[in-house]
Amino acid sequence: MQKSDQAGRAELRQARNESLGLYTFAAVFSVFVNMLMLTGPLFMLQVYDRVLGSRSEATLVALAVLVAFLYANMGVLDYVRGRVLTRIGARFQAKLDKRVFSAAIEDAAKSDKGAAAAGVRDLETVQRFLASPVLSSIFDLPFTPVFLAGIFIFHPWLGYLAIAGGCILVLITFLNQAQTRRPVVESHVASAEADRMSERLKSEAEMVQSLGMRGAAFTRWQRLRNQSLGLAVRASDAQGSYTAATKTFRLFLQSAMLGLGAYLVLQNEVTSGAMIASSILMGRALAPIEMAVGQWSLVQSASRAWNNLARLLTDVPPRRPRTTLPRPRAHLEVSQATVLPPGQQHATLRMVSFRLDPGQAMGVIGPSGAGKSTLAKVLTGAWTPAGGTVRLDGATLDQYEPDALGRYVGYLPQKVQLFDGTVAENIARLEPDAKDADIVTAAKQAAAHEMILNLPNGYDTRLSMDGGHLSGGQIQRVGLARALYGGPVILVLDEPNSNLDNEGSIALNDAIRRMKNEGKAVLIMAHRPAAIQECDVLLVLDGGVVRATGPRDEVLRKMVRNAKDIKSAQTHGGIT
């Protein structure tokens with residue numbers, strides 16, 4: 001156990017322990033189920049030792065009726081136990097669904113990796129284990145010594161044989177764990193890499209097709225796929241060999257028990273009923289061990305998922321309850337902000353400071369890689385500065401609930417990603433109780449209303465994650481409407497007119513003017529001059545450092561003058 005995972009493990013144990021009452025019920029049912037498992041051996045003992053000897057049909061009928069009744073009760077109790085275990089798994093998942101989903105989303109945003117679903121899959125894996133027959137076998141395992149003791153009662157030699165067989169099965173279980181852990185992990189990692197590449201290629205199918213990359217892309221994907229397949233076959237072979245060995249040895253052990261019992265019968269040391277009963281008892285005693293070996297892949301998957309969840313919940317601790325702040329004014333202040341992208345050691349923004357007041361629009365310009373998109377992610381709260389502060393109306397961004405901050409800071413990313421759902425649902429950010437009037441208002445502000453009405457089903461047109469049949473400009477219009485939905489006080493636009501036509505650019509400038517007139521603020525990360533027409537101030541970034549800031553025209557004149565000075569110096573040999 002890693003010390004760094006302690007907090008997450010404690011949280012998982014707390015969620016698991018909330019079902020202690022159900023575990024108690026399952027344990028009680030297991031006691032009666034295993035007691036009733038003695039029905040078969042006792043029936044055989046009576047049939048061979050009493051019924052056949054007395055040749056009494058009435059005794060046989062009475063025993064048969066009693067056995068049917070006991071088996072019926074055992075079946076009902078076993079069924080109820082299974083239902084209890086299913087609800088234990090369901091309660092565990094329901095308890096942690098929101099926590100794990102939120103942590104996975106936050107972790108994926110911080111690390112800039114689209115792996116938010118991994119945490120949810122891990123939680124489902126643990127839930128399947130809690131509801132599986134493997135957990136039932138764990139409840140049955142404490143009764144193995146009881147069954148072995150019953151065999152000893154018949155004859156010590158039979159008991160020693162059963163113990164020896166059980167020890168060999170336990171040894172096989174440990175060997176299974178030791179020998180299959182690495183191939184199983186490697187197989188899952190390789191499969192995940194192949195799946196990620198497949199999803200990426202499908203999402204960029206048009207680019208792959210247009211650039212003639214299909215063959216090369218398939219070759220690379222096939223190499224990952226073959227590697228994954230080879231490791232999966234290796235893991236399956238390793239697990240299958242131990243499963244087959246366990247099954248074969250158990251069958252041999254039952255035959256050996258019958259053979260030894262027959263010898264003891266011939267020596268008049270046990271009865272024929274004891275011989276049959278001991279064989280049945282041994283099978284029941286070793287059944288939990290065989291179940292564990294046969295389902296070992298599920299046990300390994302659950303163990304790996306538990307560790308992954310522990311790391312996730314430790315890395316993303318639960319957010320403390322925040323005091324609900326009033327709707328902020330459009331006062332944005334960035335002070336000495338230094339930003340290290342997740343997983344990197346070098347800062348992409350260093351000591352950035354500026355202030356934006358209500359009614360202002362700021363253009364953030366600079367070459368590619370200057371840090372403009374990084375600044376946008378910081379202003380929306382997706383990334384946290386390693387140093388310095390970002391304040392909205394005097395409060396740091398982490399003082400706002402994430403969903404509340406998303407309503408106050410509208411964001412149009414450089415690459416707009418839509419969700420599976422209708423156009424209206426995408427504009428409303430998937431809110432289930434969104435008002436139609438608010439959706440239409442946001443679409444009109446983005447000049448997308450007429451465009452949406454021309455779609456096959458208007459606002460109810462279904463979209464996929466890649467936008468369906470919408471063009472790049474139409475997708476960006478929907479993204480702009482989504483950013484404007486709810487009336488944010490700050491609007492952050494990252495390359496907003498990269499796919500917009502002239503009408504879209506006009507609508508964008510109208511939206512910026514409207515925001516300013518309403519006392520709100522706008523930040524625009526841009527390359528094109530058309531995007532900064534409505535900007536009052538400019539911030540020039542280069543290499544993650546502020547090179548110039550101030551009124552737009554003043555900064556532009558300064559940049560032009562510097563450009564002329566550089567060109568003149570180059571002409572006269574002043575710069576080499």
Of the conditions (1) under 21 Å from residue 472 (Cα atoms); (2) without any contact (Cβ under 8 Å) to a residue 40 or more places away in the chain; (3) crowded, with 20+ Cβ neighbours inside 10 Å, the single one that residue 415 does not satisfy is (3)
Review point. For residue 363, are the conditions met, namely being surrounded by 21 or more Cβ atoms within 10 Å (Cβ to Cβ), in contact (Cβ under 8 Å) with a residue 12 or more places away in the chain and on the phi > 0 side of the Ramachandran plot?
Key: no
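Based on this model, can you work out whether residue 444 counts as over 36 Å from the mean Cα position of the chain (by Cα), touching a residue at least 40 places away in the same chain (Cβ under 8 Å) and open to solvent by 20 Å² or more (accessible area, probe 1.4 Å)? Before the answer, list the steps.
Values: over 36 Å from the mean Cα position of the chain (by Cα): yes; touching a residue at least 40 places away in the same chain (Cβ under 8 Å): no; open to solvent by 20 Å² or more (accessible area, probe 1.4 Å): yes.
Here the answer is no, as residue 444 does not meet what is asked.
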Apart from one, (1) at pLDDT below 90; (2) under 26 Å from residue 365 (Cα atoms) all hold for residue 462; the odd one out is (2)
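List the helices (runs of 4 or more DSSP H) that sit entirely inside the stretch 337-441 and contain at least 2 residues that are more than 28 Å from residue 323 (Cα to Cα).
Details: elements: 372-379, 402-408, 423-427.
By residue number, 372-379, 423-427.
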What do you reckon, is residue 67 surrounded by 14 or more Cβ atoms within 10 Å (Cβ to Cβ) and modelled with pLDDT of 90 or more? no
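If you take the residues in the stretch 1-16 that are open to solvent by less than 70 Å² (accessible area, probe 1.4 Å) and over 15 Å from residue 87 (Cβ atoms), which one is modelled with the lowest pLDDT? Break it down stepwise before answering.
At the first step, the residues of the stretch 1-16 found to be open to solvent by less than 70 Å² (accessible area, probe 1.4 Å) are 5, 7-12, 15.
Checking which are over 15 Å from residue 87 (Cβ atoms) leaves us with 5, 7-12.
Values: 5: 77, 7: 83, 8: 84, 9: 86, 10: 87, 11: 87, 12: 88.
Out of the qualifying residues, it is 5.
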Among (1) of a type outside the set (Lys, Arg); (2) under 30 Å from residue 355 (Cβ atoms); (3) at pLDDT below 90, residue 392 falls short only on (3)
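Out of the residues in the stretch 418-433 that are touching a residue at least 40 places away in the same chain (Cβ under 8 Å) and not polar (S, T, N, Q), which is surrounded by the most Cβ atoms within 10 Å (Cβ to Cβ)? Steps first, answer last, please.
Our first condition is that a residue be touching a residue at least 40 places away in the same chain (Cβ under 8 Å); within the stretch 418-433, this holds for 418-423, 426-429.
Adding the requirement that they be not polar (S, T, N, Q) leaves 418-421, 423, 427-429.
Numbers: 418: 20, 419: 13, 420: 13, 421: 15, 423: 26, 427: 30, 428: 23, 429: 15.
Only one residue tops the list, namely 427.
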Filtering the stretch 276-301 down to residues that are open to solvent by 30 Å² or more (accessible area, probe 1.4 Å) and farther than 30 Å from residue 236 by Cα yields 276, 280
Just wondering, is there one or more residues in the stretch 517-527 that are open to solvent by 10 Å² or more (accessible area, probe 1.4 Å), within 23 Å of residue 439 (Cβ to Cβ), in a loop (DSSP other than H, G, I, E, B) and touching a Leu at 6+ places or on another chain (Cβ under 8 Å)? yes
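The values are calculated or read from the model by the stated rules, or taken from the named source; none is laboratory data. The structure displayed is predicted, hence computed values, not measured ones. With ideal geometry, Cβ positions are generated from the backbone for all residues, glycine too; neighbour counts draw on all protein chains shown. Just so you know, the surface numbers come from the protein's heavy atoms only, side chains and all, with ligands and any DNA or RNA stripped out. Shrake-Rupley method; radii C 1.70, N 1.55, O 1.52, S 1.80 Å.
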